[in-house]
Amino acid sequence: MPEAYLTQSPRTAWRVYDGEAAVLCPDDSTLNSLNAVGTLIWESADGKTAVSAIVARICEEFDVDPERAERDTMAFIAKLRERGLLTVSETLQQAP
Amino acid sequence: MVELSIGIAGLRTAVITRDPDVATVVRDRYEGFLSTGPADWRIEISPPSGGVPFSKDVVVRRDGGPARFSVRRHDFAGTVDVSERTADLTLTSPDDVSINSFLRILYSLALVETRGLVVHAASLVRDGAAYLFCGPSGSGKTTVARLSTDATLLSDELSIVRIAEGYAMCFGTPFRGELALAGEDRAAPLIGIYFLHHGGRHAVEALGPKEALARLLPNVLFFAREADVTAAVFRIAADLVEAVPCFDLSFRPDPGFWEVIRNA
């Protein structure tokens, strides 16, 4: 599987409280409340961190087996992508 | 030409109109908020256009520049230029509801640069401190105001909060609800935000900032959908729930909720 890189949509606004992010989608003003794992993924969506590296960090920090971590991460990414909160690219992204 | 000055939440707006009926409506409706001195904002209200509806719902969108917004509803059409601090408004009739609705929208846009929000909330001052009671229609805003006979009413419907240097001030507004009373033109430090709902007993429960933010945002009056201004509103709301303790407040219709608030 080719490597993938996540980038937060510049249209979002977000804040982290006690390790958990609240992310606003400006298109419909929906507030997305992320748990600690979701927040790790969200904060890593900088266009430069590979999804494989994010999954490895989740396994390390949350004591999850790699297969499950990858499956859950991909499902979570698909959800955020569907909501327009982030984009997925196969190439490294430049800082805006 | 008539020029009247309205001061709300520290923003003074000059209202200019040729229409004597509009001037009368403004003078009567904002009686407690008429002020003197140099205006921060200037609104020109044109005579009624003959009753042509402009738009079914409220539509606020950027129009011809990053700081210029077109504002339309079935009974008015106007523009708000945030950088020039000017607005113009054409009404279908010289109606206080129309003028009031436009002013609410104007203030929701104008306050962003001063780190302020218009919130669906009753606000009251007790012993020099302001309390904000947030909630949608039917949550009990007017009931709380009505039960608080020893408090000063800032609003029973739409309150204004501004935040600076980590502390928040709550301001009286003329935007009234079912109580049909304008708030007092004064401000006080905001010491608590209470998300209201009716219950069988009085109970206060502290909320963390993330949950408080999720409950505050739907109560913020804001119509523009542009990402940058929405993000600015989000940041103000996020700062607010960090600066001010937030609570869930279940109450029944008697003034005993103040005791629970005091003991929380």
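The values are calculated or read from the model by the stated rules, or taken from the named source; none is laboratory data. Values in this document were obtained by computation on a predicted structure and should not be read as measured data. Backbone-built Cβ (ideal geometry, glycine too); neighbour counts: all protein chains shown. These area figures cover heavy atoms from the full protein model, side chains too; ligands, DNA and RNA do not enter into them. Shrake-Rupley method; radii C 1.70, N 1.55, O 1.52, S 1.80 Å.
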- Task: Work from the charge dipole of chain B (Cβ charges, +1 for Lys and Arg, -1 for Asp and Glu, about the Cα centre) and give the residue of B:116, B:36, B:181 farthest towards its positive end.
- Result: B:116
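What is the gain in length, in nm to one decimal, between residue B:225 and residue B:96 on full extension, counting 0.36 nm per residue of separation less the C-alpha to C-alpha distance?
Contour length minus the Cα-Cα distance gives 43.8 nm.
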- Task: Quote the Stokes-Einstein diffusion coefficient, in whole µm² s⁻¹, for the protein assembly as shown, based on the Kirkwood radius over alpha carbon pairs, a temperature of 4 °C and a viscosity of 1.567 mPa s.
- Result: 58
- Message: Using only the alpha-carbon atoms of segment B:184-242 as identical scatterers, what base-10 log of I(q)/I(0) does the Debye formula give at q = 0.15, 0.17, 0.19 Å⁻¹?
- Response: -0.59, -0.73, -0.86
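At a probe of 1.4 Å, how much accessible area disappears from chains B and A on forming the pair, both sides counted, to the nearest 100 Å²?
Counting both chains, the buried surface is close to 1300 Å².
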- Query: Mind listing P(r) for segment B:2-113? All alpha-carbon pairs, 10 Å bins, whole percents.
  - Reply: 15, 50, 32, 3
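How long are the three semi-axes of the equivalent ellipsoid of segment B:154-206, in whole Å, if each is the root of 5 times an eigenvalue of the C-alpha gyration tensor, listed from largest down?
Listed largest to smallest, the semi-axes of segment B:154-206 are 21, 19, 7 Å.
Please compute the Kirkwood hydrodynamic radius over chain B, one decimal place, Å, based on all pairs of different Cα atoms.
One over the average 1/r among Cα pairs gives 18.8 Å for chain B.
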- Query: Under the definition of partner shielding as Cβ atoms of other protein chains within 10 Å of a residue Cβ, what is the mean value for peptide B:210-221?
  - Reply: 3
- Along the three principal axes, how long is segment B:59-151 when you take its alpha carbons, biggest first, rounded to the nearest angstrom? 47, 30, 19
- Charge dipole (chain B, unit charges on Cβ, about Cα centre) - positive-most of B:107, B:151, B:197: B:197
- Query: To the nearest 10 square angstrom, what accessible area does residue A:65 show with a 1.4 Å probe?
  - Reply: 80
- Message: Please list log₁₀ I(q)/I(0) at q = 0.18, 0.33 Å⁻¹ for segment A:31-76, using the Debye equation with identical point scatterers on the alpha-carbon positions.
- Response: -0.48, -1.37
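Would you be so kind as to identify all helices of chain B, as entire DSSP H runs, whose Cα atoms reach 15 Å or more along the helix's own axis and whose mean Kyte-Doolittle hydropathy is at least 0.0?
B:96-110, B:227-243
What is the local net charge at residue A:83, summed over the other residues whose Cβ is closer than 15 Å to its Cβ (Lys, Arg +1; Asp, Glu -1)? Walk me through the numbers on the way to the answer.
On the way: positive: A:11, A:79, A:81; negative: A:27, A:28, A:82.
Combined, the nearby Lys, Arg, Asp and Glu give 0.
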- Simple Cβ-charge dipole of chain B, Lys/Arg +1 and Asp/Glu -1, about Cα centre, in debye nearest 20: 380
- Query: For residue B:250, what is the net charge nearby, where nearby means another residue's Cβ is under 12 Å from its Cβ and Lys, Arg count +1, Asp, Glu -1?
  - Reply: 0
- segment A:1-23 residues near the modelled residue A:74 label - backbone nitrogen below 13 Å, point 7 Å along Cα→Cβ: A:1-4
- Message: Just the number please: accessible area per residue for segment A:5-86, 1.4 Å probe, all protein chains included, in Å².
- Response: 52
- Query: How many percent of the accessible area of the protein assembly as shown is carbon or sulfur, using a 1.4 Å probe?
  - Reply: 49
- Task: Would you look at the GNM of chain B, springs on alpha carbons closer than 10 Å, and say which of B:221, B:124, B:181 moves the most?
- Result: B:181
- Task: Give me the net charge of residue A:49's neighbourhood, meaning all other residues with Cβ under 11 Å from the Cβ of residue A:49; Lys, Arg count +1, Asp, Glu -1.
- Result: -1
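Taking the Cβ-Cβ separation of residue B:61 and residue A:16 as r and a Förster radius of 25 Å, what is the calculated FRET efficiency to the nearest 0.05?
Working: r = 31 Å, r/R0 = 1.23.
Calculated transfer efficiency: 0.20.
Once the convex hull of the alpha carbons of segment A:5-86 is built, what does its volume come to per residue, in cubic angstrom? Walk me through the intermediate numbers first.
Numbers: hull volume 6.3 nm³, N = 82.
Value for segment A:5-86: 77 Å³ per residue.
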- When averaged across all projection directions, what area in nm² does the alpha-carbon convex hull of segment B:116-263 cover? 8.2
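Students sometimes get this wrong: rank A:87, B:17 by accessible area, probe 1.4 Å, all chains present, largest first.
On the way: A:87 80, B:17 5 Å².
Correct descending sequence by accessible area is A:87, B:17.
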- Partner chain Cβ atoms within 10 Å, averaged over the residues of A:16-22 - can you pull that number for me? 4
